[in-house]
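Notes follow the structure.
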Amino acid sequence: MYGIIALFDEQTEQMITDIWKELKEKSISYYAYEVENRRPHITLASYNKIYKNEYMKLMDEFYNDKQAIDITFNAIGSFLNSGTLFFSPTVTEELFEFHANHHRNFQQFNDDPNSFYLPNSWIPHCTIANRLSSEKLLEAFDCCSKRNDIIYGKIKEVAIIKVSSSNYAPIIYSKELTK
């Protein structure tokens, strides 16, 4: 399986990794450490299979002139019955169009009609913790809601990750957005 992820500027990434570290130190969540080299991100799309060379070429062309996007995380959320806690960004027109344009331009790769990342199904989020018990979810929520102010940052890069059953999801290609 492959994921297309939006990566953040260094400061935003560091703020989120600091939260991951705090949750680990408090024995609340080990989410960030379950997958080698996990980076904070928002998933834009997922595919069961892609033709990597073709996809990378199209990605180069499509994202060549795309600018970095301002992002504001101002809410904490959870998916029902999932034990997942996430930061939710303000869904601006710019973010909405960024996602929709990605799917319009890469629609030939959409091979899962039930994907949570398709337009009209997508809930943009940056996962903070997952697979938590009810008690740990409350602890994580409490910790994050007291710790943070609004996070202002940028989406500065789009990457392809290959998700495997082992604890490894390497970035196999990325494209930086223009400043």
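Read-outs throughout are calculated quantities, based only on the coordinates presented, and are distinct from any laboratory measurement. If you're wondering where the values come from, they're calculated on a predicted model, not measured in any experiment. Please note: Cβ atoms are built from the backbone with ideal geometry, for glycine as well, and neighbour counts cover all protein chains shown.
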Of those in the range 115-157 that are surrounded by fewer than 18 Cβ atoms within 10 Å (Cβ to Cβ) and acidic (Asp, Glu), the residue nearest to Arg39 (Cα to Cα) is Asp149
Give me the residue from the range 59-98 that is of a type in the set (S, T, N, Q) and out of contact with any Ser or Thr (no Cβ under 7 Å at 6 or more places or on another chain) and, out of that set, surrounded by the most Cβ atoms within 10 Å (Cβ to Cβ).
Ser88
Which of the residues belonging to the range 1-43 are over 17 Å from Glu157 (Cβ atoms) and in contact (Cβ under 8 Å) with a residue 24 or more places away in the chain?
Met1, Ile19, Trp20, Glu22, Leu23, Lys26, Ile28, Ser29, Tyr31, Glu34, Val35, Glu36
Within the range 99-114, how many residues turn out to be surrounded by 11 or more Cβ atoms within 10 Å (Cβ to Cβ), outside any helix (DSSP H, G or I) and of a type outside the set (Phe, Trp, Tyr)?
3
